[in-house]
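The values are calculated or read from the model by the stated rules, or taken from the named source; none is laboratory data. All values derive from a computational prediction rather than experimental measurement. Note that each Cβ is placed from the backbone with ideal geometry, even for glycine, and that neighbours are counted across all protein chains shown.
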Protein chains: 2
Amino acid sequence: MSKQIYPMPFTRLELCVFALLETELTVLQVRREEAPSKGKWALPGGVLRIDLDADLESAAQRVAGERLGTHLPYLRLQTAVGGKSRDPRSPWTLSIAYRATVRADALATSPGKRVEAIRWAGAGETASDNSLAFDHSAIIAAAVQDLRNEVENLELPWGLLPAEFTLGELQHHCEMILDRPLDKSSFRRRLADRDCVEAVRGQLRGAAHRPAQVYRGCPMHR
Amino acid sequence: MSKQIYPMPFTRLELCVFALLETELTVLQVRREEAPSKGKWALPGGVLRIDLDADLESAAQRVAGERLGTHLPYLRLQTAVGGKSRDPRSPWTLSIAYRATVRADALATSPGKRVEAIRWAGAGETASDNSLAFDHSAIIAAAVQDLRNEVENLELPWGLLPAEFTLGELQHHCEMILDRPLDKSSFRRRLADRDCVEAVRGQLRGAAHRPAQVYRGCPMHR
DNA sequence: TCAAAAGTGTTTGGGTTACACCCATGG
DNA sequence: CCATGGGTGTAACCCAAACACTTTTGA
């Protein structure tokens, strides 16, 4: 056996990039301008290049650079799906899906190679309405669930938080992700217990009313 | 773009098969009889065959059949790892790891294709001592952690349980997996709350002492 | 009658929810 | 001085840990 006596699957990376837009958790999608599922929306993705990519995560970062024009911090492996009839371009396609959270404005103005249209679409709906190309809706559904689980255990989505924030802002972000209200008091106590955030000495921010203490993530988790 | 203009990675499946042996959680390993890491122990695995396998899970089942001579129930995707220098047989290797739990006796007497030596080795140690071929120790470490997490939330490892069991046996199994004692009373109450097991009507089993009610998994979770 | 395991109840404590209440500021 | 969000305290509650206790069998 050994070297390449069997044909190998067409291997791709797909990116589940989440952000908060207005009041909603959204996923980044691109419109397909080419043959399979032309005109449909899909996750941004690209082919694994064994000549360019040192490992899976580098590959995902390269794809992010090409398609979205940006590096993605806090990128995590989400899942792998593969099978015969997933993508008509190849008899057997394997997709490795990565997940990231970003601030929506971080890549507002940078379309990438072979990408003409980009949109942020509501995560919950997209996950359930099955409207995306290939099996991308299912991938998103799982990613949303995993993201929510993380936030429930206060593994904060640093990618979509500003470097510094007030606890009110942080809570609001979490509420949008989870799509449910949180109790202010318990939220803060839980944060304090696991010390995942630290107060920025002296910094206060006054919006319209009483100024709030500014925090940032503890270096440990950030 | 499209059809195969780029070389694709050497794509494999690796199996993390757990069982209880004596008092310990163990992982199934095979000794490599061929070139890379010859003589070292490794996870059983095999090459993805796009001509034979309909999807990733079927591929894993085929590999299980060939190497271990058995079907693996309750098989779950564990992780994906890929990179340039993981396996000297190919410039770029991608491994999809699956995880399963079985009863140790289910495959005691069935070596498979190209497998001469098989062993069950302590899961905790193997995970930490880094003695396996390739990066398989790291894969096992993650798999052990995920398995323990599941058992902590009473997602029972049906694969390694007999069809019918007493609550004492069930608790003992869980304790071996978690490597810590559990409280009988709370264990039973938690089981009851989530009704994951159901009493088998009338069935009692007397070993040496007071006979115990026999249970089986609820169809829901089983 | 004793050992051993099955099975049950009761107390305690940690952590979260729900909600009330004060504080500081701009208008 | 009032509306608004920041910030803190308290009681109720849920769940699980800890542990004591009763029950039922074989030896």
Please count how many residues of segment A:175-222 are in contact (Cβ under 8 Å) with a residue 24 or more places away in the chain and within 9 Å of DNA strand C (Cβ to nearest atom).
2
Residues of segment A:1-30 satisfying the condition of being within 14 Å of chain B (Cβ to nearest Cβ) and β-branched (V, I, T)
A:I5, A:T11
What number of residues in segment B:5-45 are among the polar types (S, T, N, Q) and surrounded by fewer than 14 Cβ atoms within 10 Å (Cβ to Cβ)?
1
Looking across segment A:31-54 at residues that are modelled with pLDDT of 95 or more and touching a Pro at 6+ places or on another chain (Cβ under 7 Å), the single one that is farthest from the other protein chains (Cβ to nearest Cβ) is A:L48
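Checking the structure you have, find out if any residue of segment B:175-184 is out of contact with any Pro (no Cβ under 8 Å at 6 or more places or on another chain) and closer than 21 Å to B:L72 by Cβ.
To start, the set of residues in segment B:175-184 that are out of contact with any Pro (no Cβ under 8 Å at 6 or more places or on another chain) comprises B:176, B:178-184.
Now narrow it down to the ones that are closer than 21 Å to B:L72 by Cβ: B:176.
There is at least one residue in segment B:175-184 that is out of contact with any Pro (no Cβ under 8 Å at 6 or more places or on another chain) and closer than 21 Å to B:L72 by Cβ.
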Enumeration of residues in segment B:60-96 that are free of Cβ contacts under 8 Å to residues at least 60 places away in the same chain, part of a loop (DSSP other than H, G, I, E, B), more than 8 Å from every other protein chain (Cβ to nearest Cβ) and closer than 29 Å to A:L52 by Cα
B:S85, B:R86, B:P88
Determine whether segment B:39-57 contains at least one residue that is farther than 24 Å from B:R76 by Cα and assigned by TED's automatic domain parsing to the domain that holds B:L132.
yes
How many residues are farther than 30 Å from B:R49 by Cβ, outside any loop (DSSP other than H, G, I, E, B) and either at pLDDT 95 or above or basic (K, R) (or both) when one looks only at segment A:97-106?
2
In the set B:E14, B:E57, the lone residue that is modelled with pLDDT of 95 or more, part of a strand (DSSP E or B) and at negative phi is B:E14
The correct count of residues that are among the hydrophobic types (A, V, I, L, M, F, W, C), loosely packed, with under 15 Cβ neighbours inside 10 Å and closer than 23 Å to B:P73 by Cβ in segment B:200-222 is 2
Looking only at segment B:200-222, filter to residues that are in a strand (DSSP E or B) and either closer than 14 Å to B:G168 by Cβ or modelled with pLDDT under 90 (or both); which one of those is farthest from DNA strand D (Cβ to nearest atom)?
B:Y215
